[in-house]
1. With respect to residue 253, is the statement that it is within 12 Å of ligand 1 (Cβ to nearest atom) and more than 19 Å from the chain's Cα centre (by Cα) true?
2. Pull out all pairs, ordered by first then second residue, where Cβ-Cβ is under 8 Å, the residues are six or more apart or on different chains, the first lies in segment 321-340 and is under 18 Å from residue 64 (Cβ atoms), and the second is part of a loop (DSSP other than H, G, I, E, B) and within 11 Å of ligand 2 (Cβ to nearest atom).
3. So the check is Cβ under 9 Å with 6+ separation or different chains; which pairs have a first residue in segment 27-43 that's modelled with pLDDT under 95 and a second one that's part of a strand (DSSP E or B) and surrounded by 23 or more Cβ atoms within 10 Å (Cβ to Cβ)?
4. Among the residues of segment 170-190, is any away from ligand 1 (no atom under 14 Å from the Cβ), touching a helix residue (DSSP H, G or I) at 6+ places or on another chain (Cβ under 9 Å) and not in a strand (DSSP E or B)?
5. Among the residues of segment 295-327, write down those that are in a loop (DSSP other than H, G, I, E, B) and over 14 Å from residue 351 (Cβ atoms).
6. Could you list, in sequence order, the residues of segment 339-354 that are within 16 Å of residue 277 (Cα to Cα) and assigned to a helix (DSSP H, G or I)?
7. Identify all residues within segment 317-332 that are within 14 Å of ligand 1 (Cβ to nearest atom), touching a helix residue (DSSP H, G or I) at 6+ places or on another chain (Cβ under 6 Å) and closer than 18 Å to residue 259 by Cα; write none if there are none.
8. Looking at segment 328-338 only, could you name the residues that are assigned to a helix (DSSP H, G or I) and within 12 Å of ligand 2 (Cβ to nearest atom)?
Ligand SMILES: Nc1ncnc2c1ncn2[C@@H]1O[C@H](COP(=O)(O)OP(=O)(O)O)[C@@H](O)[C@H]1O
Ligand SMILES: [Mg+2]
């Protein structure tokens, strides 16, 4: 048994990361930090994902401050359902890059990809994953198909649209909304051991979220969060394990909605993330490999977190792939990055550099202004710029 990637033994930082500590001599960039404000439209307690949506406001403030520390000029941009207004605001700011923290629009997570789509249209490079990957990741059933097609272990699952619908999987099972994230719709009652409880859990999802439920084989084992950074070959940051020991005995060992969003709740206090967990070296390597394969199979870009549960035979099962994962300072990505010497401002700055690098690769000379005034056909016929650096 070894402690996974002990502190101080992390591999050498890659070039882009190594540049981070010195914050002098940087090229100052105008960065628009985009975040959704749809939590303002609904009262707490009415939207079952309210806490998850509201938290993005403080993440955006933290990211803007971090970018300021890195020498960038960050402008906070609230995003509601009014895309023409967003377009106008971006026209005023003329950002060289957008830091995309939008996770939903009009209280509907399905619309989150509208923002990066607009940014693509405007030619503004943005942090994180492209719209099609965000849309895919939000469909847990589709992600499962993608993982299965790539030969990556993931719990067997079925989509049920009605409470009484038959399900051929053996108990225990877990029931989750098919297209939410952030543990939205994952409660203690989501883990079920018989048909009656299954029907109740499916009913709760269908009634509360007006969408089908994904019913999955429940993997009763250790849970690891694997943060990955970089593209196309991501670097695996130190593993983190959820320590469930402080949960009451009769409660399933899962990261429920309360665990994630209700600070001080029993579920929160009973799900403690531990960096550098102790586990056999071969299993740690298997967990890292599985997470990397899942990251790539889903097409995650720049940063993301893969949640893995360890089956009884030591097989890591992917339960969740999170592009544009939670970037709050206390969340897994920031903690894992800090463990290899990438502090919060450096992490924010790094994600901006990844986005700006893309502009050279994908969109030579494309700026919002250039989109509005397309180049002549002669200029357009020139080959794209070579990739540099
Ligand atoms: N198949 C499963 N077996 C065991 N626990 C699971 C399974 N699926 C989800 N969970 C638990 O529920 C939590 C939330 O589920 P997840 O699929 O990650 O949803 P979300 O996308 O909302 O984060 C996980 O962190 C894990 O604790
Ligand atoms: Mg998850």
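The values are calculated or read from the model by the stated rules, or taken from the named source; none is laboratory data. Because the structure is a prediction, the values reported are computed rather than measured. Here the Cβ positions follow ideal geometry from the backbone for every residue, glycine too, while neighbour counts run over all protein chains shown.
1. Values: within 12 Å of ligand 1 (Cβ to nearest atom): yes; more than 19 Å from the chain's Cα centre (by Cα): yes.
Considered against the rule, which asks whether it is within 12 Å of ligand 1 (Cβ to nearest atom) and more than 19 Å from the chain's Cα centre (by Cα), residue 253 comes out as yes.
2. Here the result reads 326/182; 331/325; 333/325; 333/326, each pair linking segment 321-340 to a residue that is part of a loop (DSSP other than H, G, I, E, B) and within 11 Å of ligand 2 (Cβ to nearest atom).
3. 36/79; 37/79; 38/79
4. Initial filter on segment 170-190 (away from ligand 1 (no atom under 14 Å from the Cβ)): none.
The answer is no; no qualifying residue exists.
5. 299, 311, 312, 313, 314, 315
6. 339, the sole residue that qualifies.
7. Answer for segment 317-332, where residues must be within 14 Å of ligand 1 (Cβ to nearest atom), touching a helix residue (DSSP H, G or I) at 6+ places or on another chain (Cβ under 6 Å) and closer than 18 Å to residue 259 by Cα: just 325.
8. The answer is 332, and nothing else.
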